Amino acid sequence: MIKLKPNLRRYQALILLVCLVNACVTINVYFPAAAAQEAADRIINKVYGNDTTPPSSTPPTAPPTTSQINPESSNQSTTVWLMPIADFFITPALAQANLDISTPTIQTLTANMTARHQKLLPHYNSGALGLTNDALITLRDPNQVPLKLRNEIKSLVAQENQDRLKLYREIAVANAHPEWEANIRATFAKRWIDRATAGWWYQNANGDWQPR
Amino acid sequence: MKHQLFLLLLISWHSNLCALDRITLELGSVTMPGWQAENVVAQLQWRDQQTMALSLRVAKLILPNLKLPLTQLRLECPRLQSNPNQFACPQAQLYKDSEVNNTARKISATTLVTLSFTYLIQPQRLEFQIQPFSLAGGNLTAQVISNLTQWQAEIKVNQLNLEQLLTQLATFIDLPTDFTVAGDTSLQLTVLTTTQVMTVNLTGTLNRFKYSNSTGTQAGENLVAQLTLQAQQPISTNTNSPPPPWHLQSTLTMQRGEIYSDPIYVDIKYPDPAVQLTTELSWQATTLDIHSFTYTHPNIMILKGICHIQLAPEFALNQLTIQLTDGHLAEFYPRYLQTWLGDNQSISGLADGRLEWSQRKHYWQINLFHANLIDKQQRFQIQDLNGLLQWHNQSTELPSHLRWSQASLWTLKLKPSEITASFTGTQFKLLKPWQQPILDGAITVKQFNLENWGQENLRWELSGKLTPITMQSLSVALGGPTLNGQLSADIPPLIYQNHQLSLAQVLRLQLFDGNVIIKTLKLLWGEVAELHTGIEFDKINLKTLTKITKFGEIQGHLSGYIRQLHLINWQPVSFDAYLATPEDNSLPKTISQKAIDNLSSLGGGGVVNTISKSMLRIFENFSYRRIGWGCLLRNGICQMRGVEKTKDGYYIVQGGGLPRIDVIGYNTQVDWNELLSRLKRISQVDAPVIK
């Protein structure tokens, strides 16, 4: 057993202190794309009335890195045992990886959209309604809707879009990251289309309409 | 044209002298105003002195409105009769030639039309007739008569399929892509042009007629209609001035079909009386002036109006005035408004109205006569509604006045009342306090202002007063147990903005002989209703209160509070509640055997209950010193407390006098949903013990 001299211990403590100060611990909370997709699929499942697990367009992976530690390379040995300390601090950030979609507002919006979907379904099938590339729906071919139903369908489309916008905002707010709203909306835009039934019309990235 | 006819005449005369039997004229290119022909070849061959065979070939005919020229046209008149007075061709064929084999130079000829013509030389009169020929699933005939001073054309089409016609026309002309029509039509068109005026008469029928613009906001389907139209345009000799306006009178009679003009949907049913639209208008390139129009839907309504529209350089509605008369609401609402405004209510009675629309002034008014508005789910109804409802986009003091003789809200009958208000732009304002008598009291809305109607930032503010309504009449009206006391309140300003309803001041309600004071109130009005409030209770008469339940009579005062009450979708999330006998209680404090019995049975029965029940039968009522219960709800758990702690629990009822009865609760924590279930079973505490 090596017994350190008091002066050496003092130096080691000093080096440790310097290392702690200099080790650049950057905690960045990134948008949890996989978790958002999973949350979107759970909601879309309810709305579309699908019981099966959705096919994932990207292979499920571990949540994206929600923390990034950039220690100086010269402090490699120090960072090894600094990791648990850093992990302690970044735990709250990792917790954001699972999106909460259980708030009463989200549940109510989902229930409203689910009930409304049954009325919209024949018009998705006929091609009258289409899924836009910005996560909304539109009456793309009104002539496919009988004249008597046009007011009702227009009203349903307006209500659906209103609820969808509220849903994206509410998910971001419920997870304490209002700035994620655009990312959540983009995730939903893709998943609404990916999960659509064959034959439904959607708007591709160029804004052109095409059937699934 | 005159020169060419003269040339033919000359050739005819000359042929007699020179004994010619055939003349061929190769005219090359012929250009006239409105058309151009290329490689024109005319050939005359004499059969006898008065009969010739005429052949006229045009390689290319260019008309300015056609996107493609007409090619390889050939007119053959095998027996062109001529004499010094006239030329006549009793039967001619117009062909379109096409080469079927380039190397063999084989020509295929398609007959386009069969026609006849006569030219009278002296009056210079041309008569031209096209024999019936097939076109777009139907057939067409035409006749043209022309002389020096006028010409007249008459065209008849029978069972023309508009879709096929437009498909064929699309080869030659550019059709508008933002508007489609389909269906069958038969019509007769007459055009008469003199030196002063051009007159057009059109009569026709439409069957299975369908139209739509590209956005689907203007559309019709399955229409069966008759159209008559007369149009006139003065002939202008001044080529520098714009063409004179067309004057039109038309009548459109619709027997059946559906029309959608966003957001109005009309279903015209057969054999109901036909709907008729008559119009008189003037039309120029830059303006459309509808001097009068009348829309009559028999037994439902009559609309009359005028309209002035600017067409160029940009479209603008300069003036529109519409007068509604004889509006029978019972038919008008389901036929015209139901798909837009919903079918939750039925409306009857009479109405007339007026709409005035110009670029700056927008105004409408509706007069109601003995109207009835009934909610189909029986939530409300108003009967014998009369008055004037009007709106203006600018005028601020334009009063609307409505009165009704009877109304109801759920089971609550409302007495006659009237309301005077102004409706301007997006604002609605009461012009004088509105009092609605209710049972033996009334609610008075002293002030109500609404802003931003129909917009996201809707805001309104209300204040008023509830003059005493006896609980007896209210409870009878609501179908509940008979109550005593009265309900009254001063309603402080209630403000709704940012989707949130809040109280500007304290709201005091007189209820159960005591006071209920709502100190704070915030109601978020969205997909999820969220309420934050705080309520204080002051000296509620327990005798009055317990009468409405089967719990058993308790006498005395009850005061307390429910603070920090938070409801989501009307379900409690958290609160701090405490209700107990106040220090200054001035009423007798007794609790009935039944109330004790219910309290004692809360724990689910047992030995203690059996003992206590046998003792309870001896006495009718018991005195108590204090009664009270509290609950602090957090995370679904109710932390309970009583009026005073005991060694192991807390007093819910602390007895006084003899026989002394104490009700003690031992469970301090209970799941809220479990507690609710117990309350439903008239249970309020867990495992009480009677000593």
Next item on the list: Hey, can you find the accessible area per residue of segment B:371-502 for me, probe 1.4 Å, expressed in square angstrom?
Entry: 53 Å²
Checklist line | Heavy-atom accessible area ranking, 1.4 Å probe, most first, across B:648, A:41, B:671 | finding: B:648, B:671, A:41
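Taking the Cβ-Cβ separation of residue B:122 and residue B:228 as r and a Förster radius of 51 Å, what is the calculated FRET efficiency to the nearest 0.05? Numbers along the way, then the final one.
Values: r = 38 Å, r/R0 = 0.74.
Once rounded, the FRET efficiency stands at 0.85.
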Check: If we count every other residue with Cβ under 14 angstrom of residue B:347's Cβ, Lys/Arg +1 and Asp/Glu -1, where does the sum land?
Finding: -2
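Given R₀ = 45 Å, what would the calculated FRET efficiency be for residue B:519 paired with residue B:406, taking r from the Cβ atoms and rounding to 0.05?
Values: r = 37 Å, r/R0 = 0.83.
The formula returns an efficiency of 0.75 here.
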Margin query: Report the rotationally averaged projected area of segment B:293-425 based on its alpha-carbon convex hull, in square nanometres.
Written below: 9.3 nm²
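Given the convex hull of the Cα atoms of segment B:322-376, what is a quarter of its surface area in nm²?
Working: hull surface 16.8 nm².
Averaged projected area of segment B:322-376's Cα convex hull equals 4.2 nm².
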Check: Residues with amide H under 5 Å of residue B:407's amide H, sequence separation 5 or more or different chain, H placed in the peptide plane at 1.01 Å from N; which?
Finding: B:383, B:414
Margin query: Just to verify a number: FRET efficiency for residue B:284 and residue B:384, C-beta to C-beta distance, R0 = 45 Å, to 0.05?
Written below: 0.35
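Starting from the alpha-carbon convex hull of segment B:614-665, give the projected area averaged over all orientations, in nm².
Values: hull surface 18.5 nm².
Quarter of the Cα hull surface area: 4.6 nm².
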Check: Taking a label point 7 Å from the Cα of residue A:208 along the Cα→Cβ vector, which residues of segment A:113-143 have an amide N closer than 17 Å to it?
Finding: A:131-133
Check: When you take every Cα atom in segment B:377-508, what is the radius of gyration, and what is Dmax, the widest Cα pair distance, in Å?
Finding: 16.5, 51
Checklist line | Table column - 3J(HN,Hα) (Hz), segment B:168-179, Karplus curve with 6.51, -1.76, 1.60, x for Gly and Pro | finding: 5, 5, 4, 5, 10, 10, 7, 8, x, 8, 9, 8
Item checked: Folded to 0 to 90 degrees: helix B:2-18 orientation relative to chain B principal axis, Cα -> 30 degrees
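Full-extension gain between residue B:186 and residue B:253, please, as 0.36 nm times their residue separation minus the C-alpha to C-alpha distance.
On the way: separation 67, 0.36 × 67 = 24.12 nm, distance 1.48 nm.
22.6 nm is the gain from fully extending residue B:186 to residue B:253.
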Item checked: Overall Cα dimensions of segment B:200-343, principal axis frame, Å, largest first -> 58, 33, 31
Check: Under the Karplus relation 6.51 cos²θ - 1.76 cosθ + 1.60, θ = phi - 60°, what is the ordered set of whole-Hz ³J(HN,Hα) values for segment B:665-676, x standing for Gly and Pro?
Finding: x, 10, 7, 8, 10, 9, 5, 4, 5, 5, 4, 4
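Give me the extension gain from residue B:108 to residue B:172: residue separation times 0.36 nm, minus the current Cα-Cα distance, reported in nm with one decimal.
Values: separation 64, 0.36 × 64 = 23.04 nm, distance 2.12 nm.
So the chain would gain 20.9 nm between residue B:108 and residue B:172.
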Notebook entry, point to check: Along segment B:79-93, what does the Karplus equation 6.51 cos²θ - 1.76 cosθ + 1.60 (θ = phi - 60°) give for ³J(HN,Hα), rounded to whole Hz, x for Gly and Pro?
Noted result: 9, 8, 8, 9, 8, x, 9, 7, 10, 9, 10, x, 7, 10, 10
Item checked: Drop in accessible area of at least 50 Å² in the complex versus isolated chain, residues of segment A:127-165, 1.4 Å probe -> A:143, A:147, A:148, A:150, A:151
Next item on the list: Report relative contact order for segment B:199-316 in percent, whole number only (criteria: Cα-Cα under 8 Å, sequence separation at least 6).
Entry: 18 percent
Next item on the list: With the cut-off at 15 Å, report for segment A:107-212 the share of all Cα pairs above it, as a whole percent.
Entry: 63 percent
Checklist line | Neighbour-limited loop hits for chymotrypsin sites (Phe, Trp or Tyr not before Pro), segment B:126-218 (at most 14 other Cβ within 10 Å; DSSP other than H, G, I, E, B) | finding: B:172
Next item on the list: Please work out how much accessible surface residue B:200 shows to a 1.4 Å probe, ignoring ligands, DNA and RNA, in Å² rounded to 10.
Entry: 20 Å²
Checklist line | Distance histogram for segment B:221-278 (every C-alpha pair counted, 5 angstrom bins, percent rounded to whole numbers) | finding: 4, 15, 17, 16, 11, 10, 9, 7, 7, 3, 1
Next item on the list: Using only the alpha carbons of chain B, determine the length spanned along each of the three principal axes and report them from longest to shortest in whole angstroms.
Entry: 153, 59, 42
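Count the net charge of all other residues whose Cβ sits under 11 Å from the Cβ of residue B:538, scoring Lys and Arg as +1 and Asp and Glu as -1. Please list the in-between numbers first.
Details: positive: B:508, B:539; negative: B:513, B:536, B:584.
That works out to -1.
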Notebook entry, point to check: Between B and A, buried accessible area summed over both sides at probe 1.4 Å, in Å² to the nearest 100?
Noted result: 1400 Å²
Margin query: Within segment B:260-304, list the residues whose amide N lies under 20 Å from a label point set 7 Å along Cα→Cβ of residue B:316.
Written below: B:282-291
Check: Going toward the positive end of the dipole of segment A:91-212, with +1 on Lys and Arg Cβ and -1 on Asp and Glu Cβ, which of A:192, A:102, A:123 do you reach last?
Finding: A:123
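At a 1.4 Å probe radius, carbon and sulfur cover how many percent of the accessible area of chain B? Working shown, then result.
On the way: 21050 of 37900 Å².
Accessible surface attributable to carbon and sulfur in chain B totals 56 percent.
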Check: What number, in percent, do you get for the relative contact order of chain B if the mean sequence gap of Cα pairs under 8 Å and at least 6 apart is divided by its residue count?
Finding: 3 percent
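The values are calculated or read from the model by the stated rules, or taken from the named source; none is laboratory data. Bear in mind that the values here come from a model prediction, so they are computed numbers and not experimental data. When we count neighbours, we look across all protein chains shown, and the Cβ atoms used for this are built from the backbone with ideal geometry, even at glycine. Keep in mind that these areas ignore ligands, DNA and RNA; they rest on the heavy atoms of the full protein, side chains included. Shrake-Rupley method; radii C 1.70, N 1.55, O 1.52, S 1.80 Å.
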